[in-house]
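**Student:** I have a structure here, written as C-alpha cells, and I will follow up with some questions on it.
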Amino acid sequence: MRKLLLTVGAVAVQPQMALAHAGHHDSSAFLSGLMHPLGGADHVLAMVAVGLWAAVTGGRALWALPVAFVGAMLAGGGMGAMGIGLPGVEPMILASIVLTGVLAALAWRAPLAVGVAVVAVFGLFHGHAHGTEGPASGLLTYAAGFALATMALHLAGLGLGVALNALSARMVTRAFGAGTAFAGLALAMS
C-alpha cells in the first residue's frame, strides 16, 4: 500500500502532467475531448476522488455525485467555449482535488444536496477549463468526449471504492482519498 501511494504521489507531482493538455487538438474533436481529462493529473485525481467520495457516502450519492459533476462540467464547458469568464479556474480545480480527497478520506456523508452542490461547483470549473482549451469546431463531439472520459474516471473511483468497501477495506478507500488530497497539495506547490 505504501509503495502504491508513493507511486501515485510521485506521478502526481510531475508539473508537466498538471499542464499536459496541449497537443490533443490535432485529431478529431471527440478524441480531443476524450483525451483532455486524461491528459493532466489535476483532472484525473479530482474525477477519481468524486467516485471515491460517492462510494464511501453510498446510497443515492453513488449516482448523484458523478451525474452532478458531469452535468455542471458540460455547462462550464459551454461557458468556456463561448468565452464567458470564470475567475479562479485553476485554483478551483486544485481545490477540487484536495477537498474531494479529504471528504473521501474522512468518509463524510454529507446531506445529498450538499454533496451534489460541492461536486457541481467543482465540475463547473473543470468544464470551463475543458471548454476554454477546446477546438474551435466540433464542440458537441468534443464535449461528448470529455464527458465520457470523466464518467469513466468517476466509475473507476466508484468501482474501486465500492469493491474495497465490499471487502471491508473501507480504510483503504479512505487512504486513497487522503493520497488524492496530498497529491492535490503537491500539484498546488509545483
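The values are calculated or read from the model by the stated rules, or taken from the named source; none is laboratory data. Not measured: the values here are computed from a predicted model. Virtual Cβ from ideal backbone geometry, glycine too; neighbours counted across all protein chains shown.
**Student:** Collect the residues in region 131-190 that are small (Gly, Ala, Ser), at pLDDT 90 or above and touching a Pro at 6+ places or on another chain (Cβ under 6 Å), keeping them in residue-number order.
**Tutor:** ALA149, the sole residue that qualifies.
**Student:** Hey, another quick one. Quick one: in region 87-109, of everything that is under 12 Å from the mean Cα position of the chain (by Cα) and small (Gly, Ala, Ser), which residue is modelled with the lowest pLDDT?
**Tutor:** Among them, the one singled out is GLY101.
**Student:** Considering each residue of region 33-46, count those that are under 12 Å from ALA144 (Cα atoms) and surrounded by fewer than 24 Cβ atoms within 10 Å (Cβ to Cβ), and give that number.
**Tutor:** The qualifying residues number 2.
**Student:** What is the residue count in region 100-115 for residues that are within 18 Å of ALA68 (Cα to Cα), of a type in the set (Gly, Ala, Ser) and crowded, with 19+ Cβ neighbours inside 10 Å?
**Tutor:** Step one: filter region 100-115 for residues within 18 Å of ALA68 (Cα to Cα), giving 100-101, 103-104, 108-115.
This time we only want the ones that are of a type in the set (Gly, Ala, Ser), so: 101, 104, 110, 113, 115.
Pick out the ones that are also crowded, with 19+ Cβ neighbours inside 10 Å and you get 101, 104, 115.
Of the residues in that region, 3 qualify.
**Student:** Further, regarding this structure: Inside region 59-72, can you point out the residues that are free of Cβ contacts under 8 Å to residues at least 60 places away in the same chain and surrounded by fewer than 21 Cβ atoms within 10 Å (Cβ to Cβ)?
**Tutor:** Residues satisfying the conditions are GLY59, ARG60, TRP63, ALA64, VAL67, GLY71.
**Student:** Let me ask something else about it. Scan region 85-99 for residues that are surrounded by 21 or more Cβ atoms within 10 Å (Cβ to Cβ) and under 16 Å from ALA72 (Cα atoms) and jot them down.
**Tutor:** Of everything in region 85-99, those that are surrounded by 21 or more Cβ atoms within 10 Å (Cβ to Cβ) and under 16 Å from ALA72 (Cα atoms) turn out to be ILE93, SER96.
**Student:** How many residues are among the small types (Gly, Ala, Ser) and in a loop (DSSP other than H, G, I, E, B) if we restrict to region 66-112? I'd like the intermediate steps shown before the answer.
**Tutor:** Step one: filter region 66-112 for residues among the small types (Gly, Ala, Ser), giving 68, 71-72, 75-78, 80-81, 83, 85, 88, 95-96, 101, 104-105, 107, 110.
Next, only the ones that are in a loop (DSSP other than H, G, I, E, B) stay: 83, 85, 88, 107, 110.
Of the residues in region 66-112, 5 are among the small types (Gly, Ala, Ser) and in a loop (DSSP other than H, G, I, E, B).
**Student:** Right, here's the next one. In this structure, does VAL67 turn out to be out of contact with any helix residue (DSSP H, G or I) (no Cβ under 8 Å at 6 or more places or on another chain) and not hydroxyl-bearing (Ser, Thr, Tyr)? Give the derivation first.
**Tutor:** On the way: out of contact with any helix residue (DSSP H, G or I) (no Cβ under 8 Å at 6 or more places or on another chain): yes; not hydroxyl-bearing (Ser, Thr, Tyr): yes.
So VAL67 passes the test.
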